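One structure, pasted below without further comment.
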Amino acid sequence: VARNFFGGDGTSAAPRTFDPANELGVQDPVGFWDPLGLAADKDEATFKRRRAVEIKHGRISMYATMGYIVPEYFKFPGYLSPSLGLKFADVPNGLAALSKVPVLGGAQIIAFAGLIETTGFFQAESTTDGRGPREGAFAMRDSTETGEPGNYGVGFPNFLGKVDDPEARKSKLAAELANGRLAMMAIIGMFFQDGLTGSAWGDWATYTASPLRAFENELGVQEPVGFWDPAGFTSDGDVAKFKRRRSVELKHGRICMMATMGYITPEVVGKLPGYLSPSAGLKFADVPNGLAAISKV
């Protein structure tokens, strides 16, 4: 589907070329990173939509991450719900807090989030300006998509005013993107660890139901990494499979130790005297090191 961002029927002069690789968020050391090729078509409208979503999720995740950390050190005095006798101090940190928040309190949170979502921080001319229906059910437009994604005009996210200096503004917006991306990864990690262990800080000792514990006392579990199985090969707790993989690991390890020495020794100690193949007139000294030796044997 062709999109004409500048009006007209597309028969006039070609519009400027949009290149996502030149947009904010392309930062060292990774540079432009789009392994799935989502921006390969260089569609500006699609890019702005995704950038608006990225910024919004990053901001929410930064607040959520702080929401995990701050209560570890400080909670408000007094009551969260006087009618229920529920104090702020009684609310646990993390996911467990969901079980303590009153129903009406949860409804207020959802209503507030919905109000912000449908008004774009009250910066749109109306609650539907720039937010009309898009393809697919329940999909809405962000009110900043047609302009600068994420710019609601309120100095977000700290509400302390806008940054007028162009270079300072560019630097701060790039920092916001980077910190938002980090926060998205952080909050997902906190949710995962909290769900498994009951603590966002991943106290492994409290996760007694893990099938991985069947192997945490086996040889190879060493500091500083401890038990490391990121791909979850041992998650089924199958001892036979573990022993099969361990025997393969040991065999490959022994072969690789010998192979490594086979690379190093000829460089340091030298080579055996005499002939490798008297009939072919091939001496040990004539055999090069490394892969090139295969062509001489």
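The values are calculated or read from the model by the stated rules, or taken from the named source; none is laboratory data. The shown structure was predicted, so the numbers you read here are calculated from the model rather than taken from an experiment. Cβ atoms come from the backbone with ideal geometry, glycine included; neighbour counts cover every protein chain shown. Surface areas here come from the heavy atoms of the whole protein model, side chains and all, with no ligands, DNA or RNA. Shrake-Rupley method; radii C 1.70, N 1.55, O 1.52, S 1.80 Å.
State which residue pairs qualify: first residue more than 20 Å from residue 228 (Cβ to Cβ) and inside the stretch 240-258, second residue open to solvent by 80 Å² or more (accessible area, probe 1.4 Å) in any location, beta carbons under 9 Å apart, and separation of 6 or more residues or different chains.
No pair meets every condition.
This table checks each residue for (1) touching a Cys at 6+ places or on another chain (Cβ under 8 Å); (2) part of a helix (DSSP H, G or I); (3) farther than 17 Å from residue 187 by Cβ; (4) touching a residue at least 60 places away in the same chain (Cβ under 8 Å).
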site: 48; (1), (2), (3), (4): no, yes, yes, yes
site: 55; (1), (2), (3), (4): no, yes, no, yes
site: 58; (1), (2), (3), (4): no, yes, no, yes
site: 61; (1), (2), (3), (4): no, yes, no, yes
site: 67; (1), (2), (3), (4): no, yes, no, no
site: 76; (1), (2), (3), (4): no, no, yes, no
site: 89; (1), (2), (3), (4): no, yes, yes, no
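For residue 272, indicate whether it is farther than 30 Å from residue 93 by Cβ, open to solvent by 70 Å² or more (accessible area, probe 1.4 Å), assigned to a helix (DSSP H, G or I) and at pLDDT 80 or above.
For residue 272, the condition - farther than 30 Å from residue 93 by Cβ, open to solvent by 70 Å² or more (accessible area, probe 1.4 Å), assigned to a helix (DSSP H, G or I) and at pLDDT 80 or above - is not met.
Could you check residue 224 against (1) part of a helix (DSSP H, G or I); (2) modelled with pLDDT of 75 or more; (3) not hydroxyl-bearing (Ser, Thr, Tyr) and say which number it fails?
(1)
Okay, next question. Look at the stretch 59-90 and say how many of its residues are buried (at least 16 other Cβ atoms within 10 Å of the Cβ), out of contact with any helix residue (DSSP H, G or I) (no Cβ under 8 Å at 6 or more places or on another chain) and β-branched (Val, Ile, Thr).
Residues meeting the conditions: 1.
Quick one: what pairs do we get from the stretch 173-190, first residue in contact (Cβ under 8 Å) with a residue 24 or more places away in the chain, second acidic (Asp, Glu), C-beta under 9 Å, 6+ apart or different chains?
Pairs found: 177/54; 180/54; 181/54; 184/54.
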